[in-house]
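Here's the structure we're looking at; comments come further down.
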Amino acid sequence: MRVLLVEDEPADAELTLRALRQGGFEASEDIAQTAEEFIELVRKNSYDVVLADYKLPNWNGLESVELLRREGLDVPVILVSGALGEQTAVECIKQGAADYVLKDHLARLPGSVRRAVREKGLRQDHKQGQEELARSNRDLEQFAYVASHDLQEPLRMVATYTQLLAERYRGKLDADADKYINYAVDGALRMQKLVQDLLAFSRVGRQGGALQNTDCNAVLQESLKNLEAAIQDSGAVVQQVPLPVVMADRSQLVQVFQNLIGNAIKFRGSAPPTIRVSAEAKGKEWVFSVADNGIGIAAEHTENVFVIFRRLHTRAEYPGNGIGLSICKKIIEHHGGRIWVESESGQGSTFKFALPVRPITRGGNSQTNENS
């Protein structure tokens, strides 16, 4: 084990190293007495742990935590001090120290070092796992994008020529032939739509713009304009309260509102759809709600509705491939938020999504978004 001691008393340094050896460690050490020496050593060498005296003549040993953070290094720091009040000890832990050991209780040091090194290993394993997961997700997205993009042309050819067969030979062959051609046309068109939906899903996050000040009232109006025909045909009534300005990709937020309101219209009950759009500030989030009086969702399916291509109804009942809510989820998570649904079968649904309150830039000055 390689140890960096932050200590100005040679006798105390020797006592610390002796405690480690008595605890079963074979330790090699370097000693830093100033912040400059500390930075020079951590830049040149790799250490398993830093053992820092709290009080030094020219600097505070706790500052080593911040210096390591600035250098981007994950090395546990254990404070070894002659006296450390309870309030100071708690503050040191809050600032990032792994532990503290009093110099008259050095028998505790080996256990504290083992625990700190073990926790560092767990952090590194977690970080590596997160990086591998992110890399795997990027690879999957790249595959989905390339596959769906490259499949577009051959599927277009299949769909075009099966439709041509249907037009030219319908009624000229036997009934079975007409049926088989219809199956081929329907299958080709559905596959084409699936590939288009997969391509749209894979593009979320790849082609998104920078997050900008976005007036959600204007976003909602654009969404309603896009849904104008469906709203008129269904007799839907859309109510809203004033919505906030958030940091978002405007076009993607339009897509979220359009999908949620479009679903409220599609999955309506016998009464004309009534849809209410609202938002409220909760802590560090804006929580948006899109509530409807539609057919609702059974409680056991409220998680499944966000899974790509997961459908709760047949195509004969409701058209579509089950991609819209998956896109909404991906967009919201891309913005650092979350989305969920509260619903009961036959009781309507309320889709909610939360976006973080971010600094809004106005006139060159950054301020927290609190307007509604």
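Taking 28 Å as the cut-off for C-alpha to C-alpha distance, list the pairs among LYS120/LYS330; LYS94/LYS329; LYS284/LYS330; LYS94/LYS284 that go past it.
From the list (LYS120/LYS330; LYS94/LYS329; LYS284/LYS330; LYS94/LYS284), the Cα-Cα distance tops 28 Å for LYS120/LYS330; LYS94/LYS329.
What is the antiparallel percent of DSSP beta bridges lying wholly in the stretch 2-125, to the nearest 5?
Percentage antiparallel, nearest 5: 5.
Can you list residues from other chains, or at least 5 along the same chain, whose modelled amide H is less than 5 Å from the amide H of GLN240?
Residues meeting the criterion, in which the H sits 1.01 Å from N, are VAL277.
Tell me whether the stretch 60-141 comes out rounded, prolate or oblate; compute the Cα gyration tensor, take square roots of the eigenvalues as a ≥ b ≥ c, and use a/c under 1.5 as the rounded threshold.
prolate
If you plug each phi of the stretch 232-248 into the Karplus form 6.51 cos²θ - 1.76 cosθ + 1.60 with θ = phi - 60°, what whole-Hz ³J(HN,Hα) values come out, in order, with x for Gly and Pro?
Taking θ as phi minus 60°, the curve returns 5, 5, 8, x, 5, 10, 10, 9, 8, 9, x, 9, x, 8, 10, 8, 7 Hz for the stretch 232-248.
Cα gyration tensor of the stretch 2-125, axes a ≥ b ≥ c as square roots of the eigenvalues: rounded (a/c below 1.5), prolate (a/b > b/c) or oblate?
It comes out rounded by the Cα gyration axes.
For every other residue with a beta carbon closer than 10 angstrom to the beta carbon of VAL287, add +1 if it is Lys or Arg and -1 if Asp or Glu, then tell me the sum.
+1
No lab work stands behind these numbers, since they all come straight from the coordinates. Computed from a prediction, not measured in an experiment: that's the story for all the values here. Counting neighbours? That spans all protein chains shown, and the Cβs are built from the backbone with ideal geometry, glycine included.
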